[in-house]
Amino acid sequence: MNWTEYLPPLLEGAWVTVQLTVYSMVLGALLSFAAGIGKLSPNWAIKGLSVVYIEIFRGTSLLVQLFWLYFALPLVGDLIGINLRLPPVIAGVLALGLNIGAYGAEVVRGSLQAVPVAQLETARALNFTRRQTLWRVALPQALPEMMPPFSNLAVQNLKDTALVSLISLGDLAFRAEQIRNFTQDSVTVYTIILFMYFGMALVLASFVRGLEFWVSRWRARA
Amino acid sequence: MLFGYEWVTGQGDLAFAASILPMLLLGLVVTIQATVAGFFIAVILGLIFAALRQSRFRVVRYVTGFVVEFLRDTPLLVQLFFLYYVLPEFGIVLPAFMTGALALGVQYSAYTSQVYRAGIEAVPPGQREAARALDLTERRTFTHVILPQAIPRIIPALGNYAVSIMKDVPILSVVTVLEVLNVAKIIGDQTFNYLVPFTMVGALYLVLTLIASYLVRLLDRALPKTGLPLR
């Protein structure tokens, strides 16, 4: 088999990987802001929930989380009488998003705390509500600071998607393993997909750099 | 039955949990061994990459930069499969555990090499200038001025990567390493009860990472920020 014949199935797998990355990134971003802002909340219930979420998902291994959602959650469902048998895609996106969201939450929290106190005091002196202070003063200044760590997390997330091949989802790593089993041509297949992941990571990182430029655009005016 | 221990089924989840704990703990030992071995390789290989990036030759710097970026941007799972399937084709046959530790070390060397660089660059330039004004040699500046101030920044950062390595060890289960998650999966496959073993693995991990993070924080606080004392 010529190596070019590997490409159609690999590209199919790459498309699954791209979709998984995008979905879990969106979920992760939402969770990052929710839990990152929640951890700074004066409400102890919101704060406690955020801390527990962050600690559990940062403190355990992603593969453990993935296996738990895919293999163990259905048994929890049986106990309480609800069908929680998640299809692999849902379990994969959920595990990836929950995991990266916990790491992102710490980035959001750190960036918000790095906003100079004088800014918050000024907002208070100008009689801004808490919500206005967050949206109009703290977040616009914190967002550009979040982008470099977010770029690292996005690439981390892309790499982590390879793990879903272990719950039989047909992503890039899964296709590679299939072709390898069929042809025994390990060197070619794995070299190709290493470079495919590398290319996707470069595209993703430059996308986040574009985002950084966009969220920092107010700086140019200042 | 696993590792000579028998699991207890049909007497409730608690009895089952208690009966599989020794098996999981044996798996945890392998997890820790893999962490230590992978971390050791990452620390050494990262140092080599960091040194090559300071090379006088531009080609060496560029090639090293590319290799580090490549290793950092590709999944550990794929690197592991690559090593596992490709090394034997070149006549290098390693036990699964060694291949796994090597993959962990290779992946994380990309991160540790950055740690060394960042640690050295974080030393204020005034220090180097002062050493120069005092007529210290290049070598002496590095060993007696730069390193003592860089090491307290480097060690805690390396510690954090050790914790990350520990969380990536379950990936080695795909090449048949019997670490804790693989043990739990085998128990689940045999007893059809995945809930108890996987939840226990999660809890064990949580305890382990909380302890490890606490130790790293202690280490960070214990190291003098102004630099290690010389003699």
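So here's what we get for this one:
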read-out: Separation between Cα centres of the range A:1-61 and the range A:95-129, rounded to whole Å; value: 19
read-out: Gyration tensor (alpha-carbon) shape descriptor, the range B:13-222, a/c threshold 1.5; value: oblate
read-out: Net charge of neighbours whose Cβ lies under 14 Å from the Cβ of A:A123, counting Lys and Arg as +1 and Asp and Glu as -1; value: +3
read-out: Charge-dipole axis of the protein assembly as shown as Lys and Arg at +1 and Asp and Glu at -1 on Cβ define it, positive-most pick from B:A118, B:P88, A:A34; value: B:A118
read-out: Quarter of the Cα convex hull surface for the protein assembly as shown, i.e. its orientation-mean projected area (nm²); value: 28.1
read-out: Contact order normalised by residue count of chain B, Cα under 8 Å, 6+ apart, percent; value: 26
read-out: FRET efficiency for A:N181 and A:Q19, using Cβ-Cβ distance with R0 set to 25 Å, rounded to 0.05; value: 0.55
read-out: Computed P(r) (all Cα pairs; the range A:85-168; 5 Å bins; percent); value: 3, 13, 19, 15, 12, 11, 9, 8, 5, 3, 1, 0
read-out: Three-way shape label, chain A, alpha-carbon gyration tensor, a/c 1.5; value: oblate
read-out: Sorted by Cβ density within 10 Å, fewest first, the residues A:F174, A:F207; value: A:F207, A:F174
read-out: Fewest-first ranking of B:Y85, B:Y62, using other Cβ atoms within 10 Å as the exposure measure; value: B:Y62, B:Y85
read-out: Angle between chain A longest axis and helix A:88-113 axis [Cα atoms, degrees, rounded to 10]; value: 30
read-out: A:A45/A:R217 FRET efficiency (R0 35 Å; Cβ-Cβ; nearest 0.05); value: 0.45
read-out: For the range B:149-164, 3J(HN,Hα) per residue [Karplus equation, 6.51 cos²θ - 1.76 cosθ + 1.60, θ = phi - 60°, Hz, x = Gly/Pro]; value: 8, 7, 4, x, 8, 6, 4, x, 5, 5, x, 5, 5, 4, 5, 4
read-out: Partner lysines for A:K47 [C-alpha distance under 20 Å; skip if fewer than 8 residues away on the same chain]; value: A:K39
read-out: Which of B:I120, A:I82 has the fewest Cβ neighbours within 10 Å, and the rest in rising order; value: A:I82, B:I120
read-out: Span per principal axis, largest first, for the Cα atoms of the range B:30-110 (Å); value: 40, 28, 22
read-out: Separation in nanometres of the label points that stand 7 Å from Cα toward Cβ, at B:D13 and A:E5; value: 5.1
read-out: Cα pair distances of the range B:92-171 binned at 10 Å [whole percent]; value: 17, 35, 23, 16, 8, 1
read-out: Residue-averaged [θ]222 nm for the protein assembly as shown, counting only DSSP H segments that reach four residues, each worth -39500 (n - 2.57); value: -25000 deg cm²/dmol
read-out: Set of lysines with alpha-carbon distance to B:K185 below 22 Å, sequence-local pairs under 8 removed; value: B:K167
read-out: Within-9-Å neighbourhood charge of A:Y197 [Cβ basis; K, R +1; D, E -1]; value: 0
read-out: For the range B:123-163 versus the range B:17-68, the gap between their alpha-carbon centres in whole angstrom; value: 23
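The numbers here are math on the coordinates, done by the rules we state, and not lab data. On a predicted model such as this, the values are computed, not experimentally measured, just so you know. Heads up, the Cβs are rebuilt from the backbone with ideal geometry, glycines too, and the neighbour counts pull from every protein chain shown.
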